[in-house]
1. Report, by residue number, each residue of segment 119-141 that is part of a loop (DSSP other than H, G, I, E, B), surrounded by 11 or more Cβ atoms within 10 Å (Cβ to Cβ) and among the small types (G, A, S).
2. Please name all residue pairs, on different chains or six or more residues apart, with Cβ atoms under 7 Å, provided the first residue is in segment 88-117 and is farther than 14 Å from F164 by Cα and assigned to a loop (DSSP other than H, G, I, E, B) and the second residue is charged (D, E, K, R) and open to solvent by 50 Å² or more (accessible area, probe 1.4 Å).
3. Give me a count of the residues in segment 142-163 that are surrounded by fewer than 12 Cβ atoms within 10 Å (Cβ to Cβ) and over 19 Å from the mean Cα position of the chain (by Cα).
4. Go through segment 56-100 and count every residue that is charged (D, E, K, R), modelled with pLDDT under 90 and under 22 Å from K149 (Cβ atoms).
5. If you scan segment 45-71, which residues turn out to be surrounded by fewer than 13 Cβ atoms within 10 Å (Cβ to Cβ) and touching a residue at least 24 places away in the same chain (Cβ under 8 Å)?
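The values are calculated or read from the model by the stated rules, or taken from the named source; none is laboratory data. Being a predicted model, the structure only gives us computed values, none of them experimental. Because the Cβ atoms are built from the backbone with ideal geometry, glycine has one as well, and the counts that use them run over all protein chains shown. Side chains are part of the model used for accessible areas, which takes the heavy atoms of the whole protein and leaves out ligands, DNA and RNA. Shrake-Rupley method; radii C 1.70, N 1.55, O 1.52, S 1.80 Å.
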Amino acid sequence: MSPAAQPRLTVLSGPSGVGKSTVVAHLRQVHPEVWLSVSATTRKPRPGEQHGVQYYFVEDDEFDKLVANGELLEWAEFAGNRYGTPRQAVLDKLAAGEPVLLEIDLQGARLVRASMPEARLVFLAPPSWDELVRRLTGRGTESPEVIEKRLVAARVELAAESEFDETLVNTSVEAVAAELLALMRIA
């Protein structure tokens, strides 16, 4: 970033299964200096996930306290679990002049837009509906009921694409990660 550029909050969102986590993981592998906010969630860890790395895994009562104390920039409930972005860490990084990346759902992106209108919202779209269905059903980590909920939600999320500042189509993880990095570096 040029010295004159102000750090900006970049929000990556899109339907479940579109590959947000995969794109972000690749981006951070190639550019470890990119700071990704780690969300708190009431969801149980999936195999291989670690507390404080992919998410802060918290119990319902602890999440209630975060909400009540205004400690979350945004939060949402999805598929029976709650997810939220710890506010102070984001504000601290921005104040230090570092760009911040959030990987969150549509509801969370809308809340960030309302509280931080200067944030850049980036929509990650699938190459096609069929590909999104294939990705969601191919995970093998969720029940048919949860997959069906995610597919219903994905249709709603896809319809919200026009609310975003930019759209990136996930045809190649490497290409999308490079495009996302370029957007983060534009003041």
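1. Within segment 119-141, A119, S128 qualify.
2. Cβ pairs passing all conditions: P99/R8.
3. Selection size over segment 142-163: 3.
4. Within segment 56-100, residues that are charged (D, E, K, R), modelled with pLDDT under 90 and under 22 Å from K149 (Cβ atoms) number 1.
5. Within segment 45-71, R46, P47 meet the criteria.
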